[in-house]
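Trainee: Sending over a structure as structure tokens; questions will come in a sec.
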Amino acid sequence: MEIRALLIILIVLLPGCLEEGEDTTHEDDVVDYGGTFNGTYSNITLNIFHGENLENATANYTIRIMLNHTAAPIHTDNMQKHVIAGNYNMTHFHRIIDNFMIQGGDFENHDGTGGYAADWYGYCNGQSASNQGACNQSSWTMPDEADNGLVHDSCVISMAKTSNPNTGGSQFFIVPEDSNPSHLDGVHTVFGEITEGCEHVTTISEVSTDGSNRPIPPVMIYNATADN
């Protein structure tokens, strides 16, 4: 009897195992991915300038974003790791569309064609893989967490990706005050909200752009910090 009782206790205490690539965004679960933050919320700050360089910038902006680790544990872990690694420093907002969003995060090519996940999250170019050796680091992506209850209201941050699922890496977009792109709900993953400086996102969304929606002159993040 004592051995049987001990076995029952051990079974109850053992955590459930997750299959590789399994969706872990259950509403009542808080999953530890070995990430940089173990809690519900954390904050990052983006310091931005508009101009050919920081010394001759025509405007400077500070945007503070609160990340929701419970709703999107993988995306927030990824964002924090990119920020802490300095990957977003001196990167462009390469795509800006008025009344819609501002997009950045391509630390490889600075034009929307590059970027990858900050850590191994079980996907190579959107395909589930058994281990990180299945592809080069530049092909690492994340599983979508788009059905997490967060929607594309104004002043939120969401993950950019290709039209295929599970292809988020490092690129993100921020929604200004005058936009509510609800058609993106359930497709792109919202993982945080702006707590300070959303008016700056609106101002940035109204800058002059070329035919490829690239701002003229550039809008750049000169540094990003994690403020836990």
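Read-outs: derived from the displayed coordinates by stated rules, not from any lab. Since this is a predicted model, take the numbers as computed values, not measurements. Heads up, the Cβs are rebuilt from the backbone with ideal geometry, glycines too, and the neighbour counts pull from every protein chain shown.
Trainee: Pop out the ³J(HN,Hα) list for region 96-107 in order, Karplus 6.51 cos²θ - 1.76 cosθ + 1.60 with θ = phi - 60°, rounded to Hz; leave Gly and Pro as x.
Mentor: 10, 10, 4, 6, 9, 5, 10, 10, x, x, 7, 7
Trainee: In sequence order, what are the phi-derived ³J(HN,Hα) couplings for region 63-73 according to the Karplus relation 6.51 cos²θ - 1.76 cosθ + 1.60 with θ = phi - 60°, rounded to whole Hz, with x for glycine and proline?
Mentor: My calculation for region 63-73 gives 10, 10, 10, 9, 8, 9, 6, 6, 6, 9, x Hz in order.
Trainee: What FRET efficiency, computed as 1/(1 + (r/R0)^6) with R0 = 35 Å and r the Cβ-Cβ distance, is obtained for S139 and S212, rounded to the nearest 0.05?
Mentor: It comes out at approximately 0.90.
Trainee: What Kirkwood radius, in Å to one decimal, follows from the Cα pairs of region 143-228? Can you show the working numbers first?
Mentor: Values: mean 1/r = 0.0708 Å⁻¹.
For region 143-228, the Kirkwood estimate is 14.1 Å.
Trainee: Can you quote the Å³ per residue value for the convex hull of the Cα atoms in region 41-226, rounded to an integer? Let's see the in-between values first.
Mentor: Working: hull volume 19.3 nm³, N = 186.
Considering the Cα atoms of region 41-226, their hull volume per residue is 104 Å³.
Trainee: Report the full-extension gain for the segment Q132 to I84: residue separation times 0.36 nm, less the Cα-Cα distance, to one decimal in nm.
Mentor: 15.2 nm
Trainee: Further question on the same structure: I want to make sure I understand the PRE zone here: with the label point 7 angstrom from the Cα of E196 toward its beta carbon, which residues in region 43-82 have backbone N atoms less than 20 Å away?
Mentor: 43-50, 59-69, 80
Trainee: Amide H to amide H under 5 Å from N148: which residues, 5+ apart in sequence or cross-chain, H placed 1.01 Å off N in plane?
Mentor: It is none; the list stays empty.
Trainee: Cβ neighbours within 10 Å, averaged per peptide: list 155-161, 179-185, 219-225 in order, most packed at the top.
Mentor: Ranked from most to least packed, the peptides come out as 155-161, 219-225, 179-185.
Trainee: Multiplying the sequence separation of E55 and S163 by 0.36 nm and subtracting their Cα-Cα distance, what value in nm do you get?
Mentor: Once the chain is fully extended between E55 and S163, it gains 35.1 nm.
Trainee: List the residues whose amide H sits under 5 Å from the amide H of E196, counting only those 5 or more places along or on another chain, with H placed 1.01 Å from N in the peptide plane.
Mentor: Under 5 Å from the amide H of E196 lie the amide H atoms of R64, each far enough along the sequence or on another chain.
Trainee: For a quick check: with amide H placed at 1.01 Å from N, whose amide H comes under 5 Å from Y222's, ignoring anything fewer than 5 positions away on the same chain?
Mentor: Those qualifying (amide H under 5 Å, at least 5 residues apart or on another chain) are N47, I48, F49, M90.
Trainee: Quick one: 3J(HN,Hα) in Hz for region 171-177, Karplus 6.51/-1.76/1.60 with θ = phi - 60°, rounded, Gly and Pro as x.
Mentor: 6, 9, 9, 10, 9, x, 5
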